[in-house]
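Read-outs throughout are calculated quantities, based only on the coordinates presented, and are distinct from any laboratory measurement. Predicted, not measured: the structure shown is a model, and the values here were computed from it. Don't worry about glycine lacking a Cβ; one is built from the backbone with ideal geometry, like all the others, and counts go over all protein chains shown.
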């Protein structure tokens, strides 16, 4: 009798623990620069925060992201910040959006590609080695913004540079079987509109970040379903 009661108690405990595990939100790590930290918008307006909320609204138990991102970071600076933050543990979802400051500072494309791939490998590691739990967003095109219009830059050259950087990132993602979400097109279509801009006339507003989150949502939902 004691053995039967002990077994029943263990089964009940296991069932309770499993139910509690289901109620614990999955962990999300967002890596990037000003576009991930949401320069000029409130924390709830950042696209990773919006993505997590949208996923929860669809029944996916995902917690708010841990964000490692600072305005102005390049690929090597993000990598150094990850070094300083480790150990980070394992995450159910990892997003990566990086490269605009490499382009802005005139860094070479081959350097970006090499450092981006190294970051992507680290992102996959943070996802427990599961490339299918990593999501990359393309670099938006800042050449359409009011800031760009007064910057003195060759805006056609900026757009061409960003296309090259994004093509390299897309190719690298394909090589590693990582999902790649294009937000560049919507940034070009609407990135110059006042409602889509923060007060600095360069960074996106919460409304634009909502557009990005909407584009990332189907891919993220699929990744978390696998």
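Observations on the model:
- Count of the range 128-164 residues, restricted to those that are closer than 30 Å to residue 27 by Cβ and crowded, with 23+ Cβ neighbours inside 10 Å, is 8.
- Matching residues, the range 110-143, being touching a strand residue (DSSP E or B) at 6+ places or on another chain (Cβ under 8 Å) and outside any helix (DSSP H, G or I): 127, 134, 135, 136, 137, 138, 139, 140
- Pairs meeting the criteria (first residue in the range 108-125 and free of Cβ contacts under 8 Å to residues at least 40 places away in the same chain and at positive phi, second residue surrounded by fewer than 15 Cβ atoms within 10 Å (Cβ to Cβ) and in a loop (DSSP other than H, G, I, E, B), beta carbons under 6 Å, at least 6 apart or on different chains) are lacking.
- Flag for residue 64 being in contact (Cβ under 8 Å) with a residue 12 or more places away in the chain and farther than 26 Å from residue 217 by Cα: no
- Test result for residue 93, over 14 Å from the mean Cα position of the chain (by Cα) and farther than 16 Å from residue 33 by Cβ: no
- Residue in the range 154-170 that is under 16 Å from residue 41 (Cβ atoms) and out of contact with any strand residue (DSSP E or B) (no Cβ under 7 Å at 6 or more places or on another chain) present: no
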